Amino acid sequence: MSVAGLPLVGFPHLAHADSTAEIAQLRTIVFQLQAQVRELQKNRKPTREEPSRSMRAAQGRSLKRPPARVAATSPDVTPILPVTTAGPARTGQDLTGAMLIDGKPVPALSADAVPDSVALEPETVRSINLSSSSPTALTQTEVDSLPPIFKIGGVSVRLGGFVDMSNIYRDKNLTAGPATPWGSFPYSGNPNAHASEYRPTAQLSRFSLLIEGKPAKGVTVEAYVESDFGGSGSNSNAVQTNSYVPRMRQAYLAADDREFGLHFLAGQAWSLATGYTNTLLRRHEQLPPVVDSNLIPGVTFTRVPQIRLIKDFNRKWWLGLSVETPQATLGFDDSTLVSGDAIPAAAGQSAGPHVVYNSTGSGMLDPEAHYSMDVAPDIVLKGAVDTSMGHYELYGLARWFRTVVIDGSGASGKAHSRVALGGGVGGSMVVPLLSSGKIQFVGDVLAGKGIGRYGPSQLPDMTLSSSGAPAPLKEIIGSVGLIGHPTKNLLLYTYGGVEAAHRSVYDGADGNYYGYGSPTTNLAGCAIMLGTCNAETRALASFTMGGWWHLLDGRYGSVMAGLQYTYVRKFAFRGLDNAGAVTCPTANGNTVFVTFRYYPFQN
């Protein structure tokens, strides 16, 4: 295609335009170029020939059209395309008349399906919005509010993300990056409890891609991919080059039918058990606006592959069902136990059975990680309602756990699969406390058996019974928070959270207890330097406060500064010291994040 007989060099996505919308976009470009030519002519030395009154009026009408932004082909040169008009040759200042596209006159007032007012309006980018209880610019990438970078046929492509530089200080050495292992703060007998750590990192830099199409009225299909640099390769280190690798945070396809109120998702995304700010739709999750990639203790979440179906009723009531990837973690008093070993014999038995409860990965799974022997997916069924008084959710979670128990050995040995049911009930809420929306109260809770993986502290899901069968642990995960918005460029937050597990043990043949939280475990080493500490976590409580400041905003992008402080206290199950007295070790830790982020797409 050409304008005024010249090819549109520099506009490859418009070179083969054949739809009315694309022609309207071409007309926008031509009008903008006309305005640029007039501006140049206004700055020229005036000639003796004065333009007629009708010509000045026509030029005035043309200049009232709002110019659209066009990317320059060179940082120092403004691109200008010559524009011809129908009819005989005219003077340089006479730019009125019909324009020619592919040699055919195009009327100044469009007759296309796309109105002139829409075609000529430059696409604006909304500034970062901090008014939500979980601003997606902080917790995700806010890609939904950004304009398409380009279009392929009827499919739009949007880019989102930010470059992050975080400075991390902890008063205990965890040798950890920007995802704090909250349950790993050491007890006093560990030398790491007497050393702090400082770790600057850019691993939290994040990028996203949203591809969206609308095949029919009210129907939307999309693909979404989100990645950061939280992965570590075999040669990743901090000696000379911090070569950390990209990892998949989210990757899913989704479809919506507004007429029937149906919403489908398949791929890796935040669990349906995660709280939501409103609706139950993707990228509306109620995530704390903290910096730490592992969020904060007490917040329920996983981010796993799943298949999800949501039904809305007038966009007020919501019902969702999600089938999600399972995994189970084990806690057992004998820290030397590995999958396939024999567990200690129970009272009245001469020997305990061998138990297999996980295996190392293969076939594109991490060969250095251990994966549980899953029998069925985790299932989440959730209902929610959006009201003028807030957003409220209630859901149920079902889980299954499996071990393989081996009785005997050799030719007489037999293997048996043992399965146990777990799960729980949970809920969450987002409540505005002021009519102005300046303060919001958020809370979530999940209670049940075998739910440890859904908390950031990663308490174990299960232990083993005397028969080797899985024994899901009774647990609770919960948090509450306040989010304030003193100004449109400032967000402040504070959270409190707790995660706790109940003891589950059996009587051993040697008079001790075995399982998780044994009261006869020797815990003397927890307070002795370089001693062996076998303490198991009973509960973990946390307090977090912080904020974000939107300090720069313009056509060059946006810059945010963030601060997070988290205090954690860990409580172990009681045990015995060397004198036989009861002891209950505790540990605490402080974590501070100072972060700067650049958002190139929010401009």
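The values are calculated or read from the model by the stated rules, or taken from the named source; none is laboratory data. Please read these numbers as outputs of a predicted model, since none were measured by experiment. Please note: Cβ atoms are built from the backbone with ideal geometry, for glycine as well, and neighbour counts cover all protein chains shown. Surface areas here come from the heavy atoms of the whole protein model, side chains and all, with no ligands, DNA or RNA. Shrake-Rupley method; radii C 1.70, N 1.55, O 1.52, S 1.80 Å.
Applying Stokes-Einstein at 20 °C and 1.002 mPa s to the Kirkwood radius of the range 393-468, computed over alpha-carbon pairs, gives a translational diffusion coefficient of 135 µm² s⁻¹.
Positive end of the charge dipole of the range 505-603 (Lys, Arg +1 and Asp, Glu -1 on Cβ, about the Cα centre): tell me which of Gly508, Gly525, Thr586 has its Cα farthest that way. Of the candidates, Thr586 comes out farthest on the positive side.
Using Cα-Cα distances under 8 Å and only pairs 6 or more residues apart, what relative contact order does the range 245-404 have, in percent? Write down the numbers at each step before the final one.
Working: 304 pairs, mean separation 31.8, N = 160.
Normalised by residue count, the contact order of the range 245-404 is 20 percent.
Taking Cα centre as origin and charging only the Cβ of basic (Lys, Arg, +1) and acidic (Asp, Glu, -1) residues, the dipole magnitude of the range 392-533 rounds to 300 debye.
Taking only protein heavy atoms and a 1.4 Å probe, the accessible area of the range 335-405 is 60% carbon and sulfur. Along the range 547-554 the Karplus relation, 6.51 cos²θ - 1.76 cosθ + 1.60 evaluated at θ = phi - 60°, assigns HN-Hα couplings of x, 9, 10, 7, 8, 9, 8, x Hz to successive residues, with x for each Gly and Pro. Peptides 459-472, 375-388, 407-420, ordered by how many other C-beta atoms sit within 10 Å of their residues on average, highest first, read 459-472, 375-388, 407-420. Normalised by the number of residues in the range 391-511, the average gap of Cα pairs under 8 Å and 6 or more apart makes the relative contact order 21 percent. Its Cα centre serving as origin, the range 129-184 has a Cβ charge dipole (Lys and Arg +1, Asp and Glu -1) of approximately 100 debye.
Sequentially through the range 345-355, phi angles give Karplus couplings (6.51, -1.76, 1.60; θ = phi - 60°) of 5, 7, 4, x, 10, 8, 7, x, x, 7, 10 Hz, Gly and Pro residues having no value and appearing as x.
Phi-derived couplings, Karplus 6.51 cos²θ - 1.76 cosθ + 1.60 at θ = phi - 60°, listed residue by residue for the range 330-340: 10, x, 8, 4, 7, 5, 8, 5, 10, 4, x Hz, with x used for Gly and Pro. Peptides 207-213, 130-136 ranked from most to least packed give 130-136, 207-213, packing being the mean of other C-beta atoms within 10 angstrom over each peptide's residues. Across the accessible surface of the range 495-603, with the other protein chains kept in place and a 1.4 Å probe, carbon and sulfur atoms take up 60 percent. Here the peptides 508-516, 246-254 are ranked by packing, the mean other Cβ count within 10 Å, and the order with the highest first is 508-516, 246-254. Counting only C-alpha contacts under 8 Å and six or more residues apart, can you give the relative contact order of the range 537-603 as a whole percent? Once divided by the residue count of the range 537-603, the mean separation gives 36 percent. For the range 364-505, the solvent-accessible area of protein heavy atoms averages 45 Å² per residue (probe radius 1.4 Å; ligands and nucleic acids excluded).
Set the bar at 23 Å for Cα to Cα. Now go through Lys217/Lys382; Lys316/Lys382; Lys172/Lys570; Lys382/Lys449; Lys311/Lys488 and name every pair that lies beyond it. Show your work: numbers first, answer last.
On the way: Lys217/Lys382 28 Å; Lys316/Lys382 14 Å; Lys172/Lys570 13 Å; Lys382/Lys449 18 Å; Lys311/Lys488 34 Å.
Beyond 23 Å: Lys217/Lys382; Lys311/Lys488.
Inter-part distance, the range 446-515 to the range 237-274, computed on C-alpha centroids, equals 25 Å.
In this structure, Asn314 and Thr336 have a Cβ-Cβ separation that, at R0 = 41 Å, corresponds to a calculated FRET efficiency of about 0.10.
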